[in-house]
Amino acid sequence: MSTTAELLALAIEASKTDTKRSEALYKQILSSPTKPSPNSSNEDNQQHVRDQETALVNLGQLYRDQNNAAGVAEVITLSRSFMSSTAKAKTAKLIRTLLDYFNAIPDSQKIQMSVLRDNIDWAKREKRIFLKQSLETRLAALQLETHEFKPALALIDTLLTELRRLDDKMILTEVHLLESRVYRGVGNLAKAKAALTSSRTAANSIYCPPALQSSLDLQSGILHAEDKDYTTAYSYFYEAFENLSTQGEDDGKALSALKYMMLCKIMLNLPEDVTSLLSIKLAVKYAQLREVESMRTVAKAHQARNLADFEKALKDYKDELSSDPTIRSHLSDLYDALLQQNLLRIVEPYSVVELEYVAECVGQGRQSVETKLSQMILDKVFYGVLDQGRGCLLVFDEPKADNMYDTAIETLGQVSKVVESLYAKSVSIA
């Protein structure tokens, strides 16, 4: 057994009881020279490299379990000397594995972005083009997460120029999808749709992995939902959910797809379908989760047209309903619609009603109710006038169209034609 192999075995054993000693042993393995020794056989040298690779990965896992983002960053920097002596394909796989450890560490985005920029510069110096592009794609995704849309778009534009020249369809599909998500984040839906179309075009010419296909379906569903086409959006979300659940993907995307399906049912005024949706085989395992329970509570409040229950659901499940921008924006629209329906139900029986009474009935402040009523009057949802002096709302019946004026104008038009005809005949007789 080689020295590094012995150290590795000791480090793995120590990781269960003494993490400090395990960490020191892993660093000792990594500090040993990576270049082949002239006195060692080729097999021993290969074993030495494999042991160092295992030590790197294990040290990264150790720091990940301790939520030590700085430690993971240090491991990636330590790995530089090791990477220089390995194949480029193995290097890319190893660095991706180490970077994935950041995902389990909360609030590590800033350190991760710093590490990515550092490694992108290193990849440029080493002329590892494919690794650089992979790291830049990951950096753009992180910038999207942290809402740094402008630098993300600039980086994506540069990436797309390079990728079109190389004609790498797989990464091109991913980057166009990322571009679509960024444009959707800035509210430019036209460009988001164009980028998604480009992504699908690139995906059609290659074998598209199920996970990437599901991401495309999710983005398609989100954009259709933005256009209020909830029926088409639901079918895309269902495809994505089915794919992700079948593949056993457990990164939260399947749960997001299920929540979006429930959202579509609510927005289509079919909240009663939410219960039956959760009884399908693939959805049963998610049915008891708090995220799903939040959507079920919203559906019940919407079905009962109860604004107080709706507000309570938004308050009780604030984290679950506000963390996702898609759900947050659509529930905001739903809240406005529900408030409008409640206001109409209250003012409908009256010709004059006090604003204080209306505000009390819907459980809102007078100012917000007054603003909403004035907006409804301007949108011609109902006819009325706000009398701010008396603090009342005057409600009118819908005015009926009087056809007398239209008929009079039409009659005058016909008379004009008769006069012109008589004039033409008189001229011809004369």
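Highest mean packing first, where packing is the average number of other Cβ atoms within 10 Å per residue, the peptides 359-367, 213-221 line up as 213-221, 359-367. Within the same chain, lysines fewer than 8 places from LYS318 are excluded, and of the rest, those with a Cα less than 16 Å from its Cα are LYS259. Extension gain for THR158 to TYR383 (0.36 nm times residue separation, less C-alpha to C-alpha distance): 75.6 nm.
Taking every Cα-Cα distance in segment 354-430 and sorting them into 10 Å bins from zero, the calculated P(r) comes out as 15, 27, 14, 11, 12, 11, 7, 3, 0 percent.
Taking one quarter of the surface of the C-alpha convex hull of segment 274-353 gives a mean projected area of 6.2 nm². Here the contact order of segment 250-297, divided by its residue count and restricted to Cα pairs under 8 Å and six or more residues apart, works out to 39 percent. Pick from THR158, THR17, THR201 the residue whose mean-square fluctuation is largest in a GNM of the chain, springs joining Cα atoms under 10 Å. Fluctuation is largest for THR17. 3J(HN,Hα) along segment 264-270, derived from phi through the Karplus expression 6.51 cos²θ - 1.76 cosθ + 1.60 where θ = phi - 60°, amounts to 4, 4, 5, 5, 7, 6, 10 Hz, with x in place of Gly and Pro. The slack in the chain from GLN28 to GLU348, taken as 0.36 nm per residue of separation less the alpha-carbon distance, amounts to 107.2 nm.
Within straight-line reach of LYS372, meaning a Cα separation under 23 Å, sit the following lysines at least 8 residues removed in sequence or on another chain: LYS228, LYS312, LYS315, LYS380. The alpha carbon convex hull volume per residue for segment 133-200 rounds to 66 Å³.
Helix 366-378 and the long axis of the chain differ in direction by around 60°, with both axes built from C-alpha atoms. Just round it to a whole percent: the fraction of Cα-Cα distances in segment 285-430 exceeding 28 Å. So the portion of pairs separated by more than 28 Å is 48 percent.
Normalised by the number of residues in the chain, the average gap of Cα pairs under 8 Å and 6 or more apart makes the relative contact order 6 percent.
Pairs of Cα atoms nearer than 8 Å and 6+ residues apart set the relative contact order; for segment 194-272 it is 27 percent. Show that you can apply the helix-only estimate: for the chain, add -39,500 (n - 2.57) for every DSSP H stretch of four or more residues, divide by all residues, and state [θ] at 222 nm to the nearest 500. Computed mean residue ellipticity for the chain: -24000 deg cm²/dmol.
Summed over all non-identical Cα pairs, the Kirkwood treatment of segment 240-319 gives a radius of 12.9 Å. Placing a pseudo-label 7 Å from each Cα along the Cα-to-Cβ vector at LEU10 and LYS124 gives an inter-label distance of 4.2 nm.
On the chain, 52 percent of the accessible area sits on carbon and sulfur atoms, based on a 1.4 Å probe. Subtracting the Cα-Cα distance of LYS281 and ASP227 from their residue separation scaled by 0.36 nm leaves 16.5 nm. Counting only protein heavy atoms and using a 1.4 Å probe, the accessible area of TYR234 comes to about 50 Å².
Candidate cross-link partners of LYS150 among the lysines, defined by an alpha-carbon separation under 16 Å and a same-chain spacing of 8 or more, comprise LYS191.
Note on the chain: GNM, Cα springs under 10 Å; of ILE346, ILE120, ILE76, the largest mean-square fluctuation is that of ILE346. Between the C-alpha center of segment 254-298 and that of segment 347-390 there is a gap of 34 Å. Its Cα gyration tensor gives the chain an equivalent ellipsoid. The semi-axes, each the square root of 5 times an eigenvalue, are 63, 30, 19 Å from largest down.
Taken over segment 72-191, the ratio of Cα radius of gyration to 2.2 N^0.38 Å equals 1.07.
Taken per residue, the accessible surface of segment 322-415 reaches 64 Å², heavy atoms only and a 1.4 Å probe. The calculated FRET efficiency for ASP316 paired with LEU394, based on their beta-carbon distance and R0 = 45 Å, is about 0.75.
The values are calculated or read from the model by the stated rules, or taken from the named source; none is laboratory data. Just so we're clear, the structure is a prediction, and the values are computed from it rather than from any experiment. Ideal geometry is used to build each Cβ from the backbone, glycine not excepted, and the neighbour counts take in all protein chains shown. What goes into the accessible areas is simple: the full protein's heavy atoms, side chains included, and nothing from ligands, DNA or RNA. Shrake-Rupley method; radii C 1.70, N 1.55, O 1.52, S 1.80 Å.
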